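The values are calculated or read from the model by the stated rules, or taken from the named source; none is laboratory data. Just so we're clear, the structure is a prediction, and the values are computed from it rather than from any experiment. A quick note on method: Cβ atoms are made from the backbone with ideal geometry, for glycine too, and the neighbour counts reach across all protein chains shown. Ligands, DNA and RNA are stripped out before the accessible areas are found, and what is left, the full protein with its side chains, is counted by its heavy atoms. Shrake-Rupley method; radii C 1.70, N 1.55, O 1.52, S 1.80 Å.
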Amino acid sequence: MSLSRNEMNNIAHLARLEIAEEEVTAFADNLSRIIDFVEQLSQANTDDVLPMAHPLDMVQRLRADEVTETDHHQKFQQNASSVEEDLYLVPKVLE
Amino acid sequence: MHDKTISQLSSSLQSGDFSSVELTTHLLDRVERLGPHLNAFVTVTSELALEQARAADQRRAAGDAGPLNGIPIVHKDLFCTDGVLTTCGSRILDNFVSPYDATVVGKLKEAGTVMLGKTNMDEFAMGSSNENSSFGPVKNPWDDTRVPGGSSGGSAAAVAARLLPGATGTDTGGSIRQPAALTGITGLKPTYGRVSRYGMVAFASSLDQAGTLTRCAEDAAMMLGTMAGFDPRDSTSAEKDVPDYRATLDDSLDGLRIGVPAEFFDDGLMPANKTAVEEAIRELEKLGAKISEIHLPNLGLSVPTYYVVAPAECSSNLSRFDGVRFGHRAEEYDDLTDMYKKTRGQGFGAEVKRRIMTGTYVLSAGY
């Protein structure tokens, strides 16, 4: 299959990725080739195959609902590009 | 000193042939002289290393030294290291100073190892040649016109060049095993769940696993024994005891049955690689193992499966890089969505973008 520029721009939008106009075709060609390649999976007979969530046959662990983490927000926020009064700043969303 | 293995260094340190400070100083000198040409390092932590080496020497003087005490190592720049730059080979994290240690880093630190720095890698561990790093490609120390393999290429090159006796790496789809093969060292991807993923920057969580790059199996056993074990902070960590890997290294292989999948020996295999694998099989046979040919008829489906699973998980995992809580943020943008797009467009390299979009397609097809 071959993805159109429109489809490619939509995928980039869903992924929140800006891609240059001149790169769209190359990305579309690459992704189309990958889709063709993985298409062979649809031929595989999986009738008797049980879905596997973990190779070690484990169950999902649960823990008591207790506070285990302490507050390190000042240390964490040193990595943020914009912080004010302990809050992460982003462009205004609501007018 | 730099030609010794971890186990030899451990004995030398214990018998007082040299101190950890002397060893660390010697290796730091090699890292400074040879590291830049190989481009194996993103960060060299000289001061921190000497501080850790001094502390290791003091512990030894106090009679409190385990086998890895004072041994210099490096971490792939994908492991979070408290107070030290952790870039994952990406521009989007080129200012990220981790506020905590990965479990693997913490365990090796507790065992007394000395961290000399963080090694270069394919961006977010996506690549097999180490040409996809935003810090430039890593060279193979045996021939600098060749690649060292990837994505743990910096760790592999550093160990192969005798800059360090051991390094951590991670392996999602070959990222330890392949660079180890291309640089002639020992690489081990442990069974999934054996080593905690806590504090590893996630690429494909159901495949990512931390392991070792060393010069011999004994050193891999020493490092893995320290790194492995249950960690409640990793939801897929195996609740299994860690055996003393080193204790059984000289055991006979009598009674061990090893299956050799016939499908691996198809026309795509390079003759030199085929010969090397066949020699290894004969060696295992000599040691007492019984070799049986087996068949994995669905082997051909594994790579197409990987091309669905890995990018899908990558797309989800890398959504956290949005320029809000950490990492690069674009200078100019119109609104929040535009900030995300420009930040990610500028911060990610081409290969990472390709995989994110493949994953986004896989996860959104049909909607």
Go through the residues of the stretch B:127-149 one by one and say whether even a single one is touching a helix residue (DSSP H, G or I) at 6+ places or on another chain (Cβ under 6 Å), assigned by TED's automatic domain parsing to the domain that holds residue B:11 and of a type in the set (Phe, Trp, Tyr). no
Answer residue from the stretch A:11-38, given it is of a type in the set (Asp, Glu) and open to solvent by less than 100 Å² (accessible area, probe 1.4 Å) and is nearest to the other protein chains (Cβ to nearest Cβ) among those: A:18
Sole exception among (1) farther than 25 Å from residue B:351 by Cβ; (2) modelled with pLDDT of 95 or more; (3) not in a strand (DSSP E or B) for residue B:260, by number: (3)
Matching residues in the stretch B:72-101 - criterion: being facing another protein chain (nearest Cβ under 10 Å) and hydrophobic (A, V, I, L, M, F, W, C): B:93, B:96, B:97
Would you check which residues across the stretch B:258-291 are of a type in the set (Phe, Trp, Tyr) and either more than 17 Å from residue B:177 (Cβ to Cβ) or touching a residue at least 40 places away in the same chain (Cβ under 8 Å) (or both) and list them? B:265
Verdict on residue B:187 being at pLDDT 95 or above, assigned to a strand (DSSP E or B) and open to solvent by 10 Å² or more (accessible area, probe 1.4 Å): yes
Among the residues of the stretch A:9-27, the number that are within 19 Å of the chain's Cα centre (by Cα), closer than 15 Å to residue B:355 by Cβ and part of a helix (DSSP H, G or I) is 4
Going residue by residue through the stretch A:50-70, is there one that turns out to be aliphatic (A, V, I, L, M), in a helix (DSSP H, G or I) and either at the interface with chain B (Cβ under 7 Å from one of its Cβ atoms) or closer than 30 Å to residue B:328 by Cα (or both)? no
Of everything in the stretch B:191-206, what is of a type outside the set (Val, Ile, Thr), in a loop (DSSP other than H, G, I, E, B) and either under 20 Å from residue B:320 (Cα atoms) or within 13 Å of chain A (Cβ to nearest Cβ) (or both)? Give them in sequence order. B:192, B:193, B:194, B:197, B:198, B:199, B:202, B:203, B:204, B:205, B:206
Is it the case that the stretch B:81-88 has a residue that's outside the structural domain of residue B:320 (by TED's automatic domain parsing), farther than 25 Å from residue B:172 by Cβ, part of a helix (DSSP H, G or I) and not aliphatic (A, V, I, L, M)? no
